[in-house]
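The structure under discussion appears below in the form of structure tokens.
What follows draws every value from the coordinates through simple rules; no lab data is involved. Computed from a predicted structure; not experimentally measured. When we count neighbours, we look across all protein chains shown, and the Cβ atoms used for this are built from the backbone with ideal geometry, even at glycine.
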Amino acid sequence: SPFQAIAFSPDENFMVTQEATLMKLWRIEGEEVRPLLTFNPNRNIAIGLAFSPNGSLFATGEQGGPIKLWAMPSAQPVGVLGGHTQSAIALAFSPDGRTLASMCDDRTVRWWHVATRREMLRFQAPNEDHYFFNLVFSPDGRALAARRVDNEGAITWVWHAPSLAEIAAAEVKP
């Protein structure tokens, strides 16, 4: 069956796929690709997938559900980022892996502090989305670009990332 979502680990040794209601973790060795695990106890469909830059985590944005963080290579759940009211359809880790950005069908873009699982920032889009969602951090991690399509056509935003001081403050909050 076709994949609904797919992501490669940064070292290109692993791949996560979403097929129907199952997620699969694959091991890539040269030209050989072999399945390691099939998982997804809730049978939710992952729409967004992203690996952290060091490959120790991957995130899934599930249809109608929260964002989940999974440990590698066990694919054990290690955290939940709640707050979106609809499907998180695009995910991107910052280059240092401390921040995860998510774009959702609820017309929000949110920035999450990965270690504390807390929302740091939220931006609201003015109009209803239709399709084509993109989310990417700049190579230095200081800016986030988001693109979506609404009734007025394609819209692109660029936001500046939280400063190191803002991230450090989020790390020490209870």
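Values for this structure:
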{"quantity": "Charge tally in the Cβ shell below 14 Å around Pro73, where Lys, Arg are +1 and Asp, Glu are -1, Pro73 excluded", "calculated": "0"}
{"quantity": "Karplus-derived HN-Hα couplings along the stretch 11-28 (A = 6.51, B = -1.76, C = 1.60, θ = phi - 60°), whole Hz, x at Gly and Pro", "calculated": "7, 6, 8, 9, 8, 10, 10, 10, 10, 6, 9, 10, 9, 10, 9, 10, 9, 10"}
{"quantity": "Gain on full stretching of the segment that runs from Val78 to Thr116 - 0.36 nm per residue minus C-alpha separation", "calculated": "12.5 nm"}
{"quantity": "Burial ranking of peptide ranges 109-122, 19-32, 52-65 (average Cβ count within 10 Å, highest at the top)", "calculated": "52-65, 109-122, 19-32"}
{"quantity": "Net charge over other residues, Cβ less than 11 angstrom from the Cβ of Leu135 (K, R count +1; D, E count -1)", "calculated": "+3"}
{"quantity": "Estimated inter-spin distance, Asp106 and Thr21, nm [label 7 Å along Cα→Cβ]", "calculated": "2.4 nm"}
